[in-house]
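Report on the following structure.
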Amino acid sequence: MKLVRENLLLLIICLGLLLAWFLPEPGRILKNWGMSNPLILAIFFCQGLGLDGRELQRRSQLAKAIGWGFVISQIIGPLLAYTSVYFLNWRGDNQIGFMVICCMAPTLVSGAVLAGRAGGDGATALILAVGLNLLGILTIPLNLKWSLGAVVRLDTAGLLLKLVLLVLVPAVIGQAIKKLQPEWARQQERLIRIVPVVALGIIVYLSCSSQADRLQELTLSHLGSLLLPSVTVHLLLLAAGYAGARYLLRLEEPSCRSLAIVCSQKTLPIAIAVWSIAFAEAYPLAVLPALVFHPSQIFCDGVLATFWGKRGGRPSSWSRDIN
């Protein structure tokens, strides 16, 4: 049981991936019912409820983190992808799909949850996830234009509304409840730690189930050719994010961990939306690199979060190991 508790996040992620591969139909149904949004609401409500408000007062740390996070996510990420595509001599679907996923902003959910489990700073993770997605509204089309010559229109108002309703509002409500009822919030610490982890596993299952048909088109050779570049780019971004935060900006260790994990991840839903808008008709298999990149980054960060979590740091109240 101790082994399960210490590796719960990684086990739940693996379970979500396995269920999506072998039992996708219930996941598709739940996805069509709109179950992802309530899960996201629950995750960020718990993060707001467990967030130490004093972390938000370190404005200089947060400003530095957002600046370096932008460089990692929206400058170094696309450049690494372009370099990889060039040396691998990819053309067509692989080229398009790999560039699309690497130009994306960070995930809204998994990065923040994994950063918390790694002993990261909850405020930094939350603000990076929201801030870089807002900046991505402007930078994603520009990155795709210079790398692929495509002009992609994103629903700016819709994305902004989604960020506000699904991320900011529940986090603010959770933080307000903690201020008004600190004793009640303290009594919910166990749920605050468990709910985001379980909800993340379910979201992984729903997201991958909805694309299971395309995932099953992968052959072992195709999977291998996509997996190694995906993991390499992700780990390089993670290392650059952590090293820059620690040795250049000299941020505190929890902020370094949050920045490394959040800013090295790429969001799958927006990648699929961009693919469907701009490339699906001419490049139907360009969605496959995104479907490989997304679970591989979550698995890698799940391993890292488990390792970092055991080493301590200064975990936020919602990121400690389950007792």
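Here, each number is a calculation from the coordinates, and none is a lab measurement. Keep in mind that this is a model prediction, so the values were computed, not measured. All Cβ positions, glycine included, derive from the backbone under ideal geometry; neighbour counts span all protein chains shown.
Could you go through the stretch 98-110 in sequence order and give the Karplus-derived ³J(HN,Hα) for each residue, using 6.51 cos²θ - 1.76 cosθ + 1.60 with θ = phi - 60°, rounded to whole Hz, and x for Gly and Pro?
Calculated HN-Hα couplings, in order: 5, 5, 4, 5, 6, 8, 6, 7, x, 5, 7, 10, 4 Hz.
Can you tell which of ALA65, VAL113, VAL167 lies farthest toward the positive end of the dipole of the chain, using +1 and -1 charges on the Cβ of basic and acidic side chains (Lys, Arg; Asp, Glu)?
ALA65
Using alpha-carbon pairs under 8 Å, 6+ residues apart, how would you state the relative contact order of the chain in percent?
The normalised contact order for the chain reaches 39 percent.
Could you run the Karplus curve 6.51 cos²θ - 1.76 cosθ + 1.60 with θ = phi - 60° over the stretch 180-186 and give me ³J(HN,Hα) per residue in whole Hz, x for Gly and Pro?
After applying 6.51 cos²θ - 1.76 cosθ + 1.60, I find 7, 10, x, 5, 4, 4, 5 Hz.
When the chain is modelled as a GNM with alpha-carbon springs shorter than 10 Å, which of SER209, SER36, SER255 fluctuates the most?
Judging by the Gaussian network model, the answer is SER36.
With semi-axes √(5λ) of the Cα gyration tensor in Å defined as stated, name the option among (i) 46, 26, 13; (ii) 30, 22, 19; (iii) 26, 24, 19 computed from the structure displayed.
Looking at semi-axes √(5λ) of the Cα gyration tensor in Å for this model, the match is (ii).
Report ³J(HN,Hα) in whole Hz for each residue of the stretch 236-249, in order, from the Karplus equation J = 6.51 cos²θ - 1.76 cosθ + 1.60 where θ = phi - 60°; Gly and Pro get x.
Couplings: 5, 5, 4, 5, 5, x, 5, 4, x, 5, 7, 9, 8, 8 Hz.
Give the cross-link partners of LYS162 among the lysines, using a straight C-alpha distance below 18 Å as the criterion and excluding same-chain residues fewer than 8 apart.
Here the lysines satisfying the reach criterion relative to LYS162 are LYS31, LYS266.
Using a Gaussian network for the chain with springs between C-alpha atoms less than 10 Å apart, which of these wobbles most: ASN143, ASN89, ASN37?
Sorting by GNM fluctuation, first place goes to ASN89.
For the stretch 67-120 and the stretch 237-265, write down the distance between their C-alpha centroids in whole Å.
For the stretch 67-120 versus the stretch 237-265, the Cα centre distance is 15 Å.
Rounded to the nearest 0.05, what FRET efficiency do VAL172 and ILE194 give with R0 = 25 Å and r taken as the Cβ-Cβ distance? Could you check?
0.70
Anyone know which of PHE299, PHE87, PHE70 comes out most mobile in the 10 Å Cα GNM of the chain?
Maximum among the listed residues: PHE87.
Loop-only check: which trypsin sites (Lys or Arg not before Pro) in the stretch 83-165 are DSSP coil with at most 15 other Cβ within 10 angstrom?
Here the sparse-neighbourhood loop sites are ARG91, ARG153.
For GLY120, list long-range residues whose amide hydrogen, built 1.01 Å from N in the peptide plane, is under 5 Å from its own amide hydrogen.
When sequence neighbours closer than 5 places are left aside, the close amide H contacts are SER316.
Rounded to the nearest 20 Debye, what is the dipole magnitude of the chain about its Cα centre when Lys and Arg each give +1 and Asp and Glu each give -1 at the C-beta? Show your work: numbers first, answer last.
Working: 27 positive and 16 negative charges, 169 e Å.
The dipole magnitude comes to about 820 debye.
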